[in-house]
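A.B. asks: Input: one structure, supplied below.
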Amino acid sequence: MSSADEVGRDSGPRRIDLLVVPACAAADLFVSGLLTGDPMTTTLGPTLPSWPVMAVIALAYGVLAWRRSHPWLTFLAILGISLAFGLVLTQFQPIIGVALALLKVARRSPARQANPALVLAAFAALNSGWTATRISGDDSVFALISISGIFMSLFTLIWVIGRRERRSRVRTQQEKERLLATAQESLGQQRQQIARDLHDILSHSMSAMILQSAGAKAVSTKLDGTTEAKQVTEALTAIESTGAESMRELHRLLGLLRTADGQGESGVARLRLADVDTLITATRHGGLVVQLHREGAVQPLDPSVDLAAYHMVQESLTNAMKHAGRGAVVDIYETWEPGELQLQVRSSRGLAPEAGDAAVPEPAGSGTGLWGLRERVQLAGGSFESGPVDGGFVTSAVLPVRSGRGTNVEPEGES
């Protein structure tokens, strides 16, 4: 069964059914005029005591409690029960129970079950019409067709309402699945971009480490031949050898993620939080009011943390330009604590367009940029939150000065 066929499928009975099921049975008995307490006449001749019969009908209607999890079987069961009682009792007209079960079939079942259910409901309509003509004394075919047509019109209306709601829910479910697939695809691309960034950062850092160790070893070989000098030379040689081996392993594991045209060489890795002034200037030229608030002593950040902080400000300013509109106020708060950076970007909506201005459509957002941003911050060892506030939107992150602190998430490509 496809996912569309499972839309709205629930488990078994609920507490509310303790009220709904007896109410349906009582409603059908009331419409049939059987709640007076008088003995019930049957088509077979003898009369039956009212209260035991009403208790049996209420118990039989208990199958309606499974109308959510098994709508098709429930409809067949209540239809058979209703026809059986309708044929035995001279005044019983089962309408409410059949209508409720038909509504659930229309809302929760595919067309191969919902369409036959409407056809089968005609038997309940015909049975109720036959009972009504027998009570009224007009047993003409015209009266039977007219009254049965009224009941069938009611069933058809309920069926149409259920099918329309099902189509709406199926479309909503399909849209959610499409957005989730898009978000997952974007998240995968963001992971690859992060891997490329880490590759560039680590390649640069390890290359510098290897060159510095090689230079130090060259200097140490010119020192006197003491045991300490030899130990220093051996340690530097081990560092150089291990670094070269790690570089080869890094290239082997992550090299394939680099862009084919070499665009990922070092451009992204050079981006730092200190470079946001250029972003702020460009955003101000776009019509936004951007203010930077900095508290505490600025500390040097690890490259991956620096890059994550830069991308958070970049994504927040981009979203503000897309959704807040011209004249919006964006406040960037940098709070430096010992070993930690608290970064928050808060934006408020801009000015409403004046009368006569051409309406500019707001770009639709799927939220996938925030998903990737959360992934980037967590891989850098931080925590990330975002959401709407009164009159605007806020994104905030807590980043360690040294990557890998403050979270149990193990970043890819970091030792």
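Throughout, read-outs are computed from the coordinates displayed, never taken from laboratory work. Bear in mind the structure is a predicted one, so any value in this text is a computation, not a measurement. Using ideal geometry, Cβ is built from the backbone for each residue, glycine included, and neighbour counts are taken over all protein chains shown.
A.B. asks: Could you work out the relative contact order of region 4-179? I mean the mean sequence separation of Cα pairs under 8 Å and 6+ apart, divided by the number of residues, in percent.
C.D. replies: 24
A.B. asks: At 7 Å along the Cα-to-beta-carbon direction for both Ala274 and Gln231, put a label point, then send me their distance in nm to one decimal.
C.D. replies: Those two pseudo-labels are separated by 3.8 nm.
A.B. asks: For region 4-179, what D do you get in µm² per second when you plug the Kirkwood radius from alpha-carbon pairs into Stokes-Einstein at 25 °C and 0.890 mPa s?
C.D. replies: Numbers: Rh = 17.0 Å.
D = 144 µm²/s.
A.B. asks: Ranked from highest to lowest mean number of other Cβ atoms within 10 Å per residue, what is the order of the peptides 372-382, 74-84, 150-160?
C.D. replies: On the way: 372-382: 23.5, 74-84: 20.5, 150-160: 16.6.
Order by mean packing, descending: 372-382, 74-84, 150-160.
A.B. asks: What do you get when you divide the Cα radius of gyration of region 114-183 by 2.2 N^0.38 Å, with N the number of residues?
C.D. replies: Cα Rg divided by the expected 2.2 N^0.38 Å: 1.74.
A.B. asks: Once the piece of chain linking Thr335 and Ser136 is laid out straight, how much longer is it, given 0.36 nm per residue of separation minus the C-alpha distance between them?
C.D. replies: On the way: separation 199, 0.36 × 199 = 71.64 nm, distance 8.43 nm.
My answer for the length gained is 63.2 nm.
A.B. asks: Taking a virtual spin label 7 Å from the Cα of Gln299 along the C-beta vector, which residues in region 310-348 bring their backbone nitrogen under 20 Å of it?
C.D. replies: 310-313, 333-345
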